[in-house]
Amino acid sequence: MAKIAKIWAREILDSRGIPTVEAACMLDSGAVSVASVPAGTSTGAYEALELRDTDNPRYLGKGVLKAVANVNTVLGPAVIGMDPVNQEEIDKKLDALDGTENKTKYGGNAILAISMAVAKAGAAASRLDLYVWINYLSQKIGLKPSLKIPTPLFNMINGGLHGAGNLDFQEFHVIPASTKTFSQGIQLGVEVYLTIGENLARRGAIHSVGNEGGYAPNLFTNADALEVFVEAIRQTKYSIGRDVFLGLDVAANSFFKNGEYSIRDKSSPMTDNQMIEYYKGLNEQYHLAILEDPFQEDGWESWIKLSETMGSVVTIVGDDLLATNPKRLEKAIAEKACNSILIKPNQIGTVSETIKVIKQARDAAFKIIVSHRSGETNDYFIADFAVGVGADYAKFGAPARGERVAKYNRLSAIEVELTRLRK
């Protein structure tokens, strides 16, 4: 039986240059596993607390020395001597030590860093690849996933809080058909991405690249971004509706004010009902496969109405609405507010709790989308996690920027291994 000998943490930088927490777990054998947590730019009100040093001017108040200290002085010492294969037991202990609903005492970033490092240590102690180990942990919790590579959701154009400020919607997705292998999907994604870049450059429309690797171009409306996709895809060998589909992360929280939604596509703010009609029009024109966060996170009635109207033809995804939170998910299931959940481990704070939420969603026939955050590191834990829990989709950004590509390259490696094992 392996035992945890030491756990420690340090402050590192994420892909935006903002501090985050990295934790290391040393076993009594001397083996060390390291994990780092991502962070979001647009965070919902119902997520686990991301503890930051707001009272300290270093890093403009965005440092994480308090979270690091919590790992080094309280949380880490509490699990020394425990067997890393007992993931759920360790996660429960960390959660109990904090004792708050959203991990506001010690920080969800501190707790998740340990939980992820322990998961890696458990895999190493069991001599299993991490995705196989995550699958085993899922089976123990009652989720019965098959090992499969999820379909990638490529965030090709970044808007909202992730972009340059000229588009309201946060993410514009290109999605390979689920009939394609992952390697075929990556090829499709890269070819479309490069074609989009060439077209934007020719027009002088490229402003920058956003937080998640997608282009952040100068466009007039959100619909213009979808037209950019249509034009680029037509220049490739792929066909919309057969090989590739389009999707949106609207992130409606960011443009909801005084009970209305203001977007540049319309001359005046829209009510909830007007937004529903707007989405119906977008779907008729672009045949959307995925629509994420179409309303603000507390607009339950509008979510329900949209799901009644479009839920049979579009995957309606709750991110800010659900926040990987079992209570929010329970309400969404009961009221039929959406039919898919975006899974972000740092929204809830431990590996075990994340798997339990996935099981809850699966039991309600929800689609599962495992997601990165805008502030990422080169840790590709989330790629192994997505495979291990049998996610339908993986949202890791554009096929660009090292911290995004690291996840896609890991999925490619797992695909090769699974193909070899199944021969």
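Going through the stretch 207-221 one residue at a time, which ones are outside any loop (DSSP other than H, G, I, E, B) and surrounded by 24 or more Cβ atoms within 10 Å (Cβ to Cβ)?
Across the stretch 207-221, the qualifying residue is only Y215.
Are any of the residues in the stretch 382-399 over 14 Å from the mean Cα position of the chain (by Cα), more than 18 Å from L130 (Cα to Cα) and surrounded by fewer than 24 Cβ atoms within 10 Å (Cβ to Cβ)?
no
Kindly provide the set of residues from the stretch 384-404 that are in a helix (DSSP H, G or I), within 15 Å of P150 (Cα to Cα) and either free of Cβ contacts under 8 Å to residues at least 60 places away in the same chain or in contact with a Pro (Cβ under 9 Å, 6 or more places away or on another chain) (or both), ordered by number.
Scanning the stretch 384-404 gives F385, A386, V387, G388.
Scan the stretch 250-274 for residues that are more than 25 Å from the chain's Cα centre (by Cα) and either outside the structural domain of F169 (by TED's automatic domain parsing) or part of a helix (DSSP H, G or I) (or both) and jot them down.
Residues of the stretch 250-274 more than 25 Å from the chain's Cα centre (by Cα): 257-260, 262, 264-274.
Result: D272, N273, Q274.
Can you pull out every residue in the stretch 66-101 that is under 18 Å from N346 (Cα atoms) and hydrophobic (A, V, I, L, M, F, W, C)?
A67, V68, V71, L75, I90, L94, A96, L97
Listed here are the residues, each with its yes/no results for (1) under 24 Å from F220 (Cβ atoms); (2) in contact with a helix residue (DSSP H, G or I) (Cβ under 7 Å, 6 or more places away or on another chain); (3) among the hydroxyl-bearing types (S, T, Y).
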residue: R234; (1), (2), (3): yes, no, no
residue: L248; (1), (2), (3): yes, no, no
residue: A252; (1), (2), (3): yes, no, no
residue: S262; (1), (2), (3): yes, yes, yes
residue: E301; (1), (2), (3): no, no, no
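If you take just the strands (runs of 3 or more DSSP E) that sit entirely in the stretch 1-104, which of them hold at least 1 residues that are more than 24 Å from L161 (Cβ to Cβ) and touching a Lys or Arg at 6+ places or on another chain (Cβ under 8 Å)?
Of the strands (runs of 3 or more DSSP E) lying wholly inside the stretch 1-104, those with at least 1 residues that are more than 24 Å from L161 (Cβ to Cβ) and touching a Lys or Arg at 6+ places or on another chain (Cβ under 8 Å) span 19-27, 32-36.
If I filter the stretch 114-160 down to residues being of a type in the set (D, E, K, R) and without any contact (Cβ under 8 Å) to a residue 24 or more places away in the chain, which single residue comes out as surrounded by the most Cβ atoms within 10 Å (Cβ to Cβ)?
By that ranking, first place goes to K144.
Can you confirm whether the stretch 75-91 contains a residue that is outside the structural domain of G349 (by TED's automatic domain parsing) and touching a Pro at 6+ places or on another chain (Cβ under 7 Å)?
no
What are the pairs, 6+ residues apart or on separate chains, where a residue within the stretch 328-339 that is within 19 Å of K356 (Cα to Cα) has its Cβ under 9 Å from a residue that is modelled with pLDDT under 95 and hydroxyl-bearing (S, T, Y)?
R328/Y46
For residues that are hydrophobic (A, V, I, L, M, F, W, C) and in a loop (DSSP other than H, G, I, E, B), scanning just the stretch 178-206, find the one that is modelled with the highest pLDDT.
Per the criteria, the residue is A205.
The values are calculated or read from the model by the stated rules, or taken from the named source; none is laboratory data. For clarity, every value in this text was computed on a predicted model and none was experimentally measured. A quick note on method: Cβ atoms are made from the backbone with ideal geometry, for glycine too, and the neighbour counts reach across all protein chains shown.
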